[in-house]
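Report on the following structure.
Here, each number is a calculation from the coordinates, and none is a lab measurement. A quick note: this is a predicted structure, and the numbers were derived from the prediction, not measured. Because the Cβ atoms are built from the backbone with ideal geometry, glycine has one as well, and the counts that use them run over all protein chains shown.
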Ligand code: UFG
């Protein structure tokens, strides 16, 4: 009898204990994949890893660990989200972003490709575009990031492009626009205690966890003077990862760079009004100085996403996104969870 019995293939999700990563793990499990999560818990939570996934605590830069996980779990595909992700913080501490995102990802990819990984889905960002001349932005628009976070992700896109030509793997860079909301049935959500993302911050204010919300600048060249963003529901974003992976498997000679957004934007003031409307609570809003590294508007042209993948939005509704985010916030605060 042969001793070479390989386990069922699995997909490795780095950063799978984080907000977006945990939703990606859920989407993969829902689609029938076996999932292994690698996360160092620097910002993630072990409790966020779905119970049906295998959890390995460790660093993406630990080549030995990465190689061992890939061999043990018969992994040929990775979804790589591990890294640092705050635009504001990246302007204050850029070297942290280059070390974690560029250094960490390069080491991870080297170990993964050497261990036989054939498909890589990478969590990139709309921050690679910077201040664009017109909205919505297409994937072939110039990429001129205005913050170190965007620069670090753009460098990894370049690393993937160059190394996929030299080695036997293909990749998809998914450029996330503003991710918000929570799993509609309450299985996961954004748990960070030091959140800076607008919808999360506003939901905390609506739940009485903070006094109010500061609006970072109301003198932008936008309809109401506040920044405009394209908010995509985290479960829709997670579903795009599964579809991108399946596309990579069906087209092993193809690489994909895709915007992930809905193609329309809301201003900061419109978002705050939605949170007040959906929650039924008003909270103080104070206009503050602009935040470093914030472009005035960022809205996706998602035509390529819609043409390339079977993906279609299921939760393209700001009030629904806010309702799901609020449900999660209330769950964290110990309220009884109710489906939105
Ligand atoms: N904002 C406020 N007050 C707050 C928090 C945010 O006014 O308390 C404003 C910001 O200035 C910005 C907008 O709300 O204009 C959105 O800010 P977020 O911090 O929620 O999100 P960012 O747009 O800075 O960044 C997010 C992701 C990035 C991604 C980007 C794409 O964190 O990874 O969206 O648009 F690149």
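Tabulated results
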{"read-out": "Projected label distance in nm at residue 331 and residue 287, using a 7 Å step from Cα toward the beta-carbon", "value": "3.7"}
{"read-out": "Estimated inter-spin distance, residue 167 and residue 144, nm [label 7 Å along Cα→Cβ]", "value": "3.3"}
{"read-out": "Antiparallel content of DSSP bridges confined to the range 171-329, in %, to 5", "value": "10"}
{"read-out": "Reciprocal mean inverse distance between Cα atoms of the range 1-155 - Kirkwood radius, Å", "value": "16.3"}
{"read-out": "Whether the range 189-340 is rounded, prolate or oblate, judged on the alpha carbon gyration tensor where a/c under 1.5 counts as rounded", "value": "oblate"}
{"read-out": "Sites residue 185 and residue 134 - FRET efficiency at Förster radius 45 Å, r taken between beta-carbons, to 0.05", "value": "0.70"}
{"read-out": "The chain: most fluctuating residue of 157, 131, 194 per GNM, C-alpha cutoff 10 Å", "value": "194"}
{"read-out": "Cα gyration tensor, the range 185-269 - rounded (a/c under 1.5), prolate or oblate", "value": "oblate"}
{"read-out": "Largest to smallest principal axis extent of the C-alpha atoms in the chain, angstrom", "value": "69, 46, 37"}
{"read-out": "Among 300, 46, 182: highest mean-square fluctuation, GNM of the chain, C-alpha pairs under 10 Å", "value": "46"}
{"read-out": "Relative contact order (percent, whole number), the range 74-218, Cα cutoff 8 Å, 6+ residue spacing", "value": "24"}
{"read-out": "Euclidean distance of C-alpha centroids, the range 256-283 and the range 47-72, integer Å", "value": "34"}
{"read-out": "Relative contact order of the range 166-314, pairs being alpha-carbon contacts under 8 Å that are 6 or more residues apart, as %", "value": "36"}
{"read-out": "Order of 207, 227 under a 10 Å beta carbon neighbour criterion, fewest first", "value": "207, 227"}
{"read-out": "In degrees, nearest ten, helix 234-250 long axis to first principal axis of the chain (Cα)", "value": "30"}
{"read-out": "Helical contribution to [θ] at 222 nm, DSSP H n ≥ 4, -39,500 (n - 2.57), averaged over the chain, rounded to 500", "value": "-11000 deg cm²/dmol"}
{"read-out": "Percent RCO, i.e. relative contact order, over the chain, from Cα pairs under 8 Å lying at least 6 residues apart", "value": "18"}
{"read-out": "DSSP-defined beta bridges in the chain - what % are antiparallel, rounded to 5", "value": "5"}
{"read-out": "Helix axis angle, 148-166 relative to the chain longest principal axis, alpha carbon, degrees", "value": "30"}
{"read-out": "Alpha carbon centroid spacing (whole Å) that separates the range 301-332 from the range 176-205", "value": "12"}
{"read-out": "Helix 19-30 axis, angle to the chain major axis (alpha carbon atoms, nearest 10°)", "value": "50"}
{"read-out": "Neighbour-count ranking [beta-carbon atoms within 10 angstrom, fewest first] of 197, 167", "value": "167, 197"}
{"read-out": "Within a Gaussian network of the chain (alpha carbon springs, distance under 10 Å), most fluctuating of 218, 140, 243", "value": "140"}
{"read-out": "Whether the range 107-187 is rounded, prolate or oblate, judged on the alpha carbon gyration tensor where a/c under 1.5 counts as rounded", "value": "oblate"}
{"read-out": "Peptide ranges 257-268, 92-103 listed from the most packed, as the mean C-beta count within 10 angstrom indicates", "value": "257-268, 92-103"}
{"read-out": "Label-point separation, residue 277 to residue 41 (7 Å along Cα→Cβ), nm", "value": "4.1"}
{"read-out": "81, 29 arranged by Cβ crowding within 10 Å, fewest neighbours leading", "value": "29, 81"}
